[in-house]
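Q: I have a structure here, written as structure tokens, and I will follow up with some questions on it.
The values are calculated or read from the model by the stated rules, or taken from the named source; none is laboratory data. Please read these numbers as outputs of a predicted model, since none were measured by experiment. Cβ placement follows ideal geometry from the backbone for every residue including glycine, while neighbour counts extend to all protein chains displayed.
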């Protein structure tokens, strides 16, 4: 009989190996799922995991999908490192889309190079404002930020639904719940001709670099991490707990807001009821699988994008619902959390202590 | 005429509050044992589709509820294995369960999208259902509603009148003391977590088989999270869970009555639909405002991993 034995200190190797183990297990799990559904596992594997990589266009799509995930995840990582559990990125993303898209609609007909930067800033402000609600309630009234930020997701979804059914509905849109299409000057420029990959990618990369510098190289980032890992030590050293909570939530909110803006000001080109696509929740998985650090998040966001696109491919070629990607995403996080046991423990035969 | 409106309001409030009550009572037991399972939303979604699909195939609501219960137990077992055996972070694992459950229900439920079930006739309790006003409101409900009351009584009895309930509470307060007296902490936490999963599954089935009765993706729409908030709001006490569940039931149906009442002021339906979520935030603020309320009432070891070091 095997049992777990605590390691003297956490294994660094396992810390970085564990996401790879989780990916491998998800892959095996995926093959089993395909088999159980009566599909040829090899065909399933090709459609799901290889098709999204077959040509330039597909790879550009992969990066396009990964961009909002990376943006949101790096912002969340700042909070998660400090044990600030912002679970409502989906709502902050929606409000960012509303603010950014609102700017685009307001400046319709005005063709100025300043529209897009204003949209980015508005998106960040919108997301940060939405995240400020749980931050204020947590610091002022000690209210649990997990539940508050989550409730705000549903409120944001209803808010955008009201806007596109009501005041912001395109009068010439055949009564569809959507706004007018944005002007070209309010759409992010395309990076590679013939693809949909747009200027959101450099924004996300800049955010990853900034996130890396902040979390790994700045003193302030260090104080936040201490606050998360050893509250008493942080208090003793005089690091403000309230400031940590504000910083964690506002960063996550602003990044999610920018991601929302780059979606409506990018591939969507308008605000619809379906702005919310679950990126805010998937980004939580990205942040964990990426080990809350910038380089990890970069790769994890690509992996998660692969799962999204694989789901679309599976719908098209295998006649499976695209929500299969959500099942795989959940599996990935389960396997990661499970594999993480080996960071702190090792397996030993019982008796041989 | 006035009376019939009142009857309808009480009736609908109980219907809307019942899934919250069942799920929150399950979660209460889980949290009293010191385990924080944030995955209620996912377990409800899985229960909802398992129950719906079974009832759809067999025509039996009872079998549907049983299937939902089994499905809830199965997914909560994944969570239990992660946090109790592999000592994974409870917050992250609960979130994983929520995401996985909602995704799985969408995947499995695709063929059933917008399918309906024949409405299940209510179970009228003889004599009691003939009482004017409250008879039709309270004693002409679905059998799962009566089940939720029995569950409440059972949970109160178990927690405060039985030895096992006492052990469960001790484990939630101090697992190491319980372990040193010789109680199997991990095994009891497993049982509590699986019980929570079973109740969440049944709560989901109530929505898809009795309440609506149809299947649409995302139909749980935050009720699992609201149930979690209810447990905090109730400061981990069963009777207050019931009060909270019906309070929220009232908020959930307020929309229907405002729209049906023909008021002059036109409020967009989306704003009325926001009410339960706003109400959740408000009650969380009210209950947490005094830091002692939560500190004194929450199980001390809530969310902390525990490993008896043999």
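Q: Taking helices (runs of 4 or more DSSP H) that do not extend beyond the stretch A:1-99, which have at least 3 residues that are touching a helix residue (DSSP H, G or I) at 6+ places or on another chain (Cβ under 7 Å) and closer than 26 Å to residue A:264 by Cα?
A: Those helices (runs of 4 or more DSSP H) span A:56-81.
Q: Could you tell me which of the residues B:259, B:264, B:255 is modelled with pLDDT under 90, in contact with a helix residue (DSSP H, G or I) (Cβ under 9 Å, 6 or more places away or on another chain) and away from every other protein chain (no Cβ under 12 Å)?
A: Just a single option satisfies the conditions, and that option is B:259.
Q: Do the conditions hold for residue A:202, that is, is it surrounded by fewer than 22 Cβ atoms within 10 Å (Cβ to Cβ) and touching a strand residue (DSSP E or B) at 6+ places or on another chain (Cβ under 9 Å)?
A: Taking the combined requirement at face value, the residue does not satisfy it.
Q: With the structure loaded, tell me whether residue A:96 is buried (at least 24 other Cβ atoms within 10 Å of the Cβ), modelled with pLDDT of 95 or more and more than 14 Å from chain B (Cβ to nearest Cβ) or whether it fails that test.
A: yes
Q: Give me the residue from the stretch B:78-111 that is under 16 Å from residue B:194 (Cβ atoms) and facing chain A (nearest Cβ under 7 Å) and, out of that set, surrounded by the fewest Cβ atoms within 10 Å (Cβ to Cβ).
A: B:78
Q: Next question. For the stretch B:267-310, which residues satisfy the criterion of being free of Cβ contacts under 8 Å to residues at least 12 places away in the same chain, more than 9 Å from every other protein chain (Cβ to nearest Cβ) and assigned to a helix (DSSP H, G or I)?
A: Once the filter is applied, which keeps residues that are free of Cβ contacts under 8 Å to residues at least 12 places away in the same chain, more than 9 Å from every other protein chain (Cβ to nearest Cβ) and assigned to a helix (DSSP H, G or I), the stretch B:267-310 yields B:282, B:292, B:295, B:296.
Q: Looking at the stretch A:158-189, which of its residues are assigned to a loop (DSSP other than H, G, I, E, B) and within 14 Å of chain B (Cβ to nearest Cβ)?
A: A:166, A:167, A:168, A:169, A:177
Q: Out of B:227, B:205, B:245, report the one residue that is within 11 Å of chain A (Cβ to nearest Cβ), at pLDDT 90 or above, under 12 Å from the mean Cα position of the chain (by Cα) and under 28 Å from residue B:6 (Cα atoms).
A: Details: B:205 fails: within 11 Å of chain A (Cβ to nearest Cβ); B:245 fails: within 11 Å of chain A (Cβ to nearest Cβ).
Of B:227, B:205, B:245, the one residue that is within 11 Å of chain A (Cβ to nearest Cβ), at pLDDT 90 or above, under 12 Å from the mean Cα position of the chain (by Cα) and under 28 Å from residue B:6 (Cα atoms) is B:227.
Q: Looking at the stretch B:137-196, which of its residues are in contact (Cβ under 8 Å) with a residue 60 or more places away in the chain, under 20 Å from residue B:27 (Cβ atoms) and not in a helix (DSSP H, G or I)?
A: Answer for the stretch B:137-196, where residues must be in contact (Cβ under 8 Å) with a residue 60 or more places away in the chain, under 20 Å from residue B:27 (Cβ atoms) and not in a helix (DSSP H, G or I): there is none.
Q: Picking from B:153, B:234, B:227, which residue would you name as being within 20 Å of residue B:303 (Cα to Cα) and surrounded by fewer than 24 Cβ atoms within 10 Å (Cβ to Cβ)?
A: Sole residue among the options that is within 20 Å of residue B:303 (Cα to Cα) and surrounded by fewer than 24 Cβ atoms within 10 Å (Cβ to Cβ): B:234.
Q: May I pose another question? Given the conditions (1) farther than 21 Å from residue A:64 by Cα; (2) more than 10 Å from every other protein chain (Cβ to nearest Cβ), and given that residue A:336 satisfies all but one, which numbered condition is not satisfied?
A: Looking at each condition in turn, residue A:336 falls short on (2).
Q: Could you say which residue among B:70, B:62, B:75 is closer than 25 Å to residue B:192 by Cα and surrounded by 23 or more Cβ atoms within 10 Å (Cβ to Cβ)?
A: Only one candidate passes the filter, namely B:75.
Q: For the stretch A:286-302, give me each residue that is surrounded by 23 or more Cβ atoms within 10 Å (Cβ to Cβ) and closer than 14 Å to residue A:65 by Cβ.
A: Within the stretch A:286-302, A:286, A:300, A:301 meet the criteria.
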